Amino acid sequence: MLVKQISVFLENKTGRLAEVTGTLGSNKINIRALSIADTTDFGILRLIVNNPAMAYQLLKEQGFTVSETDVIAVEIDDSPGGLSRVLRLMDENKINIEYLYAFLEKKEEAALVVFRVEEIERAIETLQKNNITVLKGAQVYEL
Amino acid sequence: MYFSTELETIERNELEVLQLERLQQLVKRVYENVPFYQEKLSELGIKPDDIQSLSDLQRLPFTTKQDLRDQYPFGLFATSRENIVRLHASSGTTGNPTVVGYTKNDIENWKELMARSLTSYGATPSSVVQNAYGYGLFTGGLGVHYGAEHLGATVVPISGGNTKRQIKLMQDFGTEVLCCTPSYALFIAEVLEESGIPRESLNLKTGVFGAEPWSEKMRQEIEDRLQIDAFDIYGLSEIMGPGVAAECKEKDGLHIFEDHFIPEIIDPDTCEVLPYGAEGELVITTITKEGIPLLRYRTRDITRLTIDPCSCGRSHVKMKRVTGRSDDMLIIRGVNVFPSQVESVLLSIGDTEPHYLLVVNRVGTLDTLEILVEVSESMFSDKIKRLEQLERKIRQELDSILGIAAKIRLVEPKTIERSEGKAKRILDKRKI
C-alpha cells in the first residue's frame with residue numbers, strides 16, 4: 001500500500017528543475033506526479049515515477065540531494081466533494097497530513113491524491129475501513 | 001602632547017635597558033609561577049638566568065590563543081586568584097573562551113597606557129569623552145573608560161547602540177571625543193545626515209576607532225562626514241585590551257608602548273624573526289603584566305614595524321595598520337569569528353562533515369554574515385518545515401556561540417567551490 005516518493009533538494013536557480021527532468025527523461029523514467037514546495041531560497045521537488053529506485057540512483061549520481069519517502073496514494077471520486085470526504089475522515093481520526101498533492105487518472109473517472117502522513121499504517125487502515133481505495137505502489141507506477 | 005613624557009620619549013638605549021630588566025623579571029616570574037611556562041622553558045633548556053640580552057627573547061617559546069584556551073580558566077595566571085581584581089573573557093568559542101585576569105597593578109598600567117593613547121589623539125583633562133564601546137567582558141568599554149578617567153577627562157559611559165540618544169548626549173554634553181568601532185562611527189554619521197541635525201550643534205573633534213579592521217579610505221570617509229580627526233587604536237584582550245598601541249598626530253602607524261610590550265615580527269610559516277620594515281605576524285611579549293603575562297604571544301595580525309624617528313617625538317616603534325590575519329579569523333562587527341566554530345555547530349547538527357562557506361559583506365556600514373551550508377542527505381527532509389527548523393537551529397546555535405546573527409542559506413551539494421588542499425571557508429566581500 002506504500003508508494004515511494006522521490007524528493008530532491010533544489011536551490012531556487014534557473015535550470016535546476018530542467019536538469020532533474022532531463023536526467024529522468026533521457027533514462028526513460030516517466031514522471032507520474034510532481035509537486036514543488038518552495039521557500040525564498042530553496043525548494044523541495046517531490047516526484048512519483050515509474051521506477052523510483054532507478055530515479056533515486058540516477059539523481060544521486062548526478063550529485064543531487066535525494067531522499068526516498070513512503071507516501072500513500074488514494075483514489076477519490078473525480079467529483080465535487082470527493083477530496084473533502086477523505087480529508088474529513090482523516091481529520092476525524094486525528095491523522096495529521098504533512099502535505100498532499102493530486103493528479104488525475106487518465107482512463108477512469110477518478111483522481112489520485114498523494115498523502116504524506118506521520119502515521120502511515122494507521123492512515124491506510126482507517127481509509128480502507130471506510131471503503132476508500134488506497135493504491136499499491138506498483139499500481140501507481142504503472143498508471 | 002604626552003601623558004608620560006619621560007617614558008614616551010625615552011632614548012632607545014635607555015628603553016632597551018628597561019626592557020631587558022623587565023624581560024628578565026618576566027621570565028623569572030612565569031618560570032616560578034606558571035607550570036605551563038616552566039615546562040616549556042625546561043624543554044628548551046632555558047633557566048631564567050639565561051636571559052642576558054634582549055636578543056635572548058628569540059630563544060623563548062611562543063604562546064598561542066589555543067594555549068589560553070587549553071589552560072582555561074586560570075592556568076596561565078602568574079599570581080593567585082586573590083590578587084586578581086578583574087576578569088575579562090572573549091565572546092566565547094567552540095571550546096573554551098580565552099580568559100584574562102588583571103591585578104591592581106595591571107589595571108593601573110592599562111589606565112596609564114589608555115590615557116597616553118587618548119592624549120596622543122589630542123584629548124585633555126577637560127575633554128568630554130563619549131565611550132560607545134561595549135561595556136562588559138569585552139575589554140573595549142572598561143579599558144577606554146578607566147583610561148579616560150585616569151586622564152581626568154569627563155566620561156560618558158553610554159556603551160554601544162541607541163544612536164539617536166548618542167547624538168542627543170553629544171549635543172547636550174558637548175562631547176569632543178567619540179570612542180567606538182569605525183563602522184559604528186559611519187553609522188552615527190548616517191543617522192546624523194538622515195535626521196538633518198546640523199553638524200554645528202556638535203562639539204565633536206576626535207574619534208578613537210578600533211576593534212575591527214579599517215582602512216585609510218574609511219578614515220577619510222569618517223573624517224569627511226563627521227568632520228573630526230579619526231585615529232586608530234590597537235589592542236587585544238590577551239595582551240591587555242585597547243591601548244597596546246596608539247596613533248599620533250602623524251596618522252602613519254601606531255606607537256607600541258614598548259616600556260610594557262616587546263613587539264617582534266615573524267614569518268608566520270617559519271616563525272623566523274624578521275627585521276624592521278618586513279611584513280609579517282606581530283608577536284608581543286608583555287613585560288610588566290602580573291595577572292597573565294605572556295611570552296611571545298602570536299597575535300596573528302599581519303603588519304610591519306618601523307623604527308624611523310617620528311615627528312611627534314615618541315621613541316617607541318610604530319606598527320602599520322593591520323592588513324590581515326595569519327589565521328582564518330574574521331572580525332565581524334567587533335566579534336571574532338573562526339570558521340571552525342561554524343563547523344562544530346554544523347557537525348553537532350548533521351552527522352556528516354559539512355561543506356560550508358562564510359560570506360561576509362558590508363551593507364551600508366554594517367557587516368553581514370551569510371553562511372552557505374550544503375545540504376547533505378542526513379540533513380535533508382522532504383518536509384519544508386524540517387529544513388526551516390534546521391536553518392533556525394543552525395542560526396540559533398551560532399548566535400549563542402558567536403553572539404552575532406547570521407543568515408543561513410541551504411545550498412545544493414557541490415555548489416561550494418572545492419579547492420585543492422585547504423578548504424576555502426571564507427569569502428570576504430567587504431570593501432574596507
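Out of the range A:16-46, which residues are among the aliphatic types (A, V, I, L, M) and touching a Ser or Thr at 6+ places or on another chain (Cβ under 6 Å)? Working first, answer last.
Of all residues in the range A:16-46, those among the aliphatic types (A, V, I, L, M) come to A:17-18, A:20, A:24, A:29, A:31, A:33-34, A:36-37, A:44-45.
Hit for the range A:16-46 is A:Ile44, nothing else.
Hey, among B:Pro97, B:Pro73, B:Pro61, which residue is under 20 Å from B:Glu272 (Cβ atoms) and part of a loop (DSSP other than H, G, I, E, B)? Before the answer, list the steps.
Working: B:Pro97 fails: under 20 Å from B:Glu272 (Cβ atoms); B:Pro73 fails: under 20 Å from B:Glu272 (Cβ atoms).
Matching residue, one of B:Pro97, B:Pro73, B:Pro61: B:Pro61.
Count, please, the residues in the range B:223-258 that happen to be part of a strand (DSSP E or B), within 30 Å of B:Pro198 (Cα to Cα) and not β-branched (Val, Ile, Thr).
Start the filter on the range B:223-258 by keeping residues that are part of a strand (DSSP E or B), which leaves B:229-236, B:241-247, B:254-256.
Then keep just the ones that are within 30 Å of B:Pro198 (Cα to Cα); that gives B:229-233, B:247.
With not β-branched (Val, Ile, Thr) added as a condition, the list becomes B:229-232, B:247.
Of the residues in the range B:223-258, 5 are part of a strand (DSSP E or B), within 30 Å of B:Pro198 (Cα to Cα) and not β-branched (Val, Ile, Thr).
Which residues, taken from the range B:146-190, are outside any helix (DSSP H, G or I) and β-branched (Val, Ile, Thr)?
Start the filter on the range B:146-190 by keeping residues that are outside any helix (DSSP H, G or I), which leaves B:152-162, B:174-181.
If the condition is that a residue be outside any helix (DSSP H, G or I) and β-branched (Val, Ile, Thr), then B:Thr154, B:Val155, B:Val156, B:Ile158, B:Thr175, B:Val177, B:Thr181 are the ones that fit.
Among the residues of the range B:121-145, how many are among the aliphatic types (A, V, I, L, M), under 18 Å from B:Val100 (Cα atoms) and not in a helix (DSSP H, G or I)?
To start, the set of residues in the range B:121-145 that are among the aliphatic types (A, V, I, L, M) comprises B:123, B:128-129, B:132, B:137, B:142, B:144.
If we keep only those that are under 18 Å from B:Val100 (Cα atoms) too, we end up with B:137, B:142, B:144.
Of the ones still in play, those that are also not in a helix (DSSP H, G or I) are B:137.
The number of residues fulfilling the criteria is 1.
Tally time: how many residues in the range B:260-289 are more than 20 Å from the chain's Cα centre (by Cα) and either buried (at least 20 other Cβ atoms within 10 Å of the Cβ) or not in a loop (DSSP other than H, G, I, E, B) (or both)?
Looking only at that region, the number is 2.
Could you check the range B:404-419 and list, in sequence order, the residues that are assigned to a strand (DSSP E or B) and under 30 Å from the mean Cα position of the chain (by Cα)? Quick ask: steps written out before the conclusion?
Within the range B:404-419, the first condition is being assigned to a strand (DSSP E or B), and the residues that meet it are B:407-411.
Result: B:Lys407, B:Ile408, B:Arg409.
Of all residues in the range A:1-50 being of a type in the set (Val, Ile, Thr) and in a strand (DSSP E or B), which is surrounded by the fewest Cβ atoms within 10 Å (Cβ to Cβ)? Working first, answer last.
So in the range A:1-50, the residues of a type in the set (Val, Ile, Thr) come out as A:3, A:6, A:8, A:14, A:20-21, A:23, A:29, A:31, A:36, A:39-40, A:44, A:48-49.
So of that shortlist, the ones also in a strand (DSSP E or B) come out as A:3, A:6, A:8, A:31, A:36, A:44, A:48-49.
On the way: A:Val3: 25, A:Ile6: 28, A:Val8: 26, A:Ile31: 16, A:Ile36: 13, A:Ile44: 23, A:Ile48: 26, A:Val49: 21.
Looking at residues that are of a type in the set (Val, Ile, Thr) and in a strand (DSSP E or B), I get A:Ile36.
So, of the residues in the range B:356-383 that are away from chain A (no Cβ under 12 Å) and in a loop (DSSP other than H, G, I, E, B), which turns out to be surrounded by the most Cβ atoms within 10 Å (Cβ to Cβ)?
Top of the filtered list is B:Thr365.
How many residues are away from chain B (no Cβ under 14 Å) and either buried (at least 17 other Cβ atoms within 10 Å of the Cβ) or not polar (S, T, N, Q) (or both) when one looks only at the range A:98-143?
Kept after step one, since they are away from chain B (no Cβ under 14 Å), are these residues of the range A:98-143: A:102-113, A:119, A:121-143.
Those left that are additionally either buried (at least 17 other Cβ atoms within 10 Å of the Cβ) or not polar (S, T, N, Q) (or both): A:102-113, A:119, A:121-127, A:129, A:132, A:134-138, A:140-143.
Total meeting the criteria: 31.
Determine whether the range B:307-323 contains at least one residue that is surrounded by fewer than 18 Cβ atoms within 10 Å (Cβ to Cβ) and not in a loop (DSSP other than H, G, I, E, B).
No, there is no match, as no residue in the range B:307-323 is surrounded by fewer than 18 Cβ atoms within 10 Å (Cβ to Cβ) and not in a loop (DSSP other than H, G, I, E, B).
Is at least one residue of the range B:384-403 part of a loop (DSSP other than H, G, I, E, B) and either loosely packed, with under 14 Cβ neighbours inside 10 Å or modelled with pLDDT of 90 or more (or both)?
Residues of the range B:384-403 that are part of a loop (DSSP other than H, G, I, E, B), as a first pass: B:403.
Those still in the list that are either loosely packed, with under 14 Cβ neighbours inside 10 Å or modelled with pLDDT of 90 or more (or both) too: none.
Scanning the range B:384-403 turns up no residue that is part of a loop (DSSP other than H, G, I, E, B) and either loosely packed, with under 14 Cβ neighbours inside 10 Å or modelled with pLDDT of 90 or more (or both).
Inspect all residues belonging to the range B:95-102 and state whether any of them is buried (at least 20 other Cβ atoms within 10 Å of the Cβ), polar (S, T, N, Q) and at pLDDT below 95.
The answer is yes; a qualifying residue exists.
List the residue pairs whose Cβ atoms are under 7 Å apart, where the first residue sits in the range B:377-388 and is closer than 17 Å to B:Leu347 by Cα, the second is among the β-branched types (Val, Ile, Thr) and part of a loop (DSSP other than H, G, I, E, B), and the two are 6 or more positions apart or on different chains.
Close Cβ pairs (under 7 Å, with a partner that is among the β-branched types (Val, Ile, Thr) and part of a loop (DSSP other than H, G, I, E, B)) amount to B:Glu377/A:Thr65; B:Ser378/B:Thr352; B:Phe380/A:Thr65.
The values are calculated or read from the model by the stated rules, or taken from the named source; none is laboratory data. Please read all numbers here as calculations on a predicted model, not as lab measurements. A quick note on method: Cβ atoms are made from the backbone with ideal geometry, for glycine too, and the neighbour counts reach across all protein chains shown.
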